[in-house]
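Quick notes on the structure that follows.
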Amino acid sequence: MGDKAMNTRVKSAAELLVDCLAENGASRIFTVPGESFLAVLDALHERTDIETVTCRQEGGAAFMACADGALSAADTLKPGLAFVTRGPGATNASIGVHVAHQDSQPMILFVGDVARPMRDREGFQEVNFEAFFGPICKWAARIDDPARIPEYIARAHSVAISGRPGPVVLALP
């Protein structure tokens, strides 16, 4: 094996996620940092092309993402982006998702969720996000397979801006 093969590093799922966001035109992300998506925060720290805006409360982060999506020009429509943690973080952000839905504002809310082995044990502030957010957004889903991150990000972006714009919620185990 040559040196090139030995120095090849596989990207983490978080790095892939952030790369996909950048490929879809992300320039700003609003967040209340949380332990459930630390890897994403680490990946964002390495980027100079995406501004990370730290907020004090998840509702504020969601409203900022709503405004960011609403202010994008009609010909370059792109969703506002927010990252929050599970449980109380997600429920605090839900009012912003509801407003984005009612006002046809494109946004994508990412929710750091419990690890897959801990699912369905009602531990660590677990919430069924597809059921919780389903009635107030255009699409709610969970990314269970890191290989499908590009597919989910592309679909979330497309759903958020197509037809009547609105919010999408993606849970990240």
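The values are calculated or read from the model by the stated rules, or taken from the named source; none is laboratory data. Quick caveat, the model's predicted, so the values are computed rather than measured. Cβ: placed from backbone, ideal geometry, glycine included. Neighbour counts: every protein chain shown. Only protein heavy atoms, including side chains, enter the accessible area calculation; ligands, DNA and RNA are left aside. Shrake-Rupley method; radii C 1.70, N 1.55, O 1.52, S 1.80 Å.
Considering (1) aliphatic (A, V, I, L, M); (2) closer than 20 Å to Pro150 by Cβ; (3) in a helix (DSSP H, G or I); (4) open to solvent by 60 Å² or more (accessible area, probe 1.4 Å), the lone condition that Val10 does not fulfil carries the number (3).
Filtering Ala22, Ala65, Ala90 for residues that are in a helix (DSSP H, G or I), under 25 Å from Glu151 (Cβ atoms), open to solvent by less than 30 Å² (accessible area, probe 1.4 Å) and modelled with pLDDT under 95 leaves a single hit, Ala90.
Filter the stretch 148-173 down to the residues that are in a strand (DSSP E or B) and under 9 Å from Pro106 (Cβ atoms) and list them by number. If the condition is that a residue be in a strand (DSSP E or B) and under 9 Å from Pro106 (Cβ atoms), then Pro167, Val168 are the ones that fit. Filter the stretch 128-140 down to residues that are out of contact with any strand residue (DSSP E or B) (no Cβ under 6 Å at 6 or more places or on another chain) and either aliphatic (A, V, I, L, M) or open to solvent by less than 40 Å² (accessible area, probe 1.4 Å) (or both), then give me how many there are. So the answer is 2.
The requirement of being open to solvent by less than 60 Å² (accessible area, probe 1.4 Å), modelled with pLDDT of 90 or more, under 19 Å from Ile153 (Cβ atoms) and aromatic (Phe, Trp, Tyr) is fulfilled somewhere in the stretch 68-87, by at least one residue.
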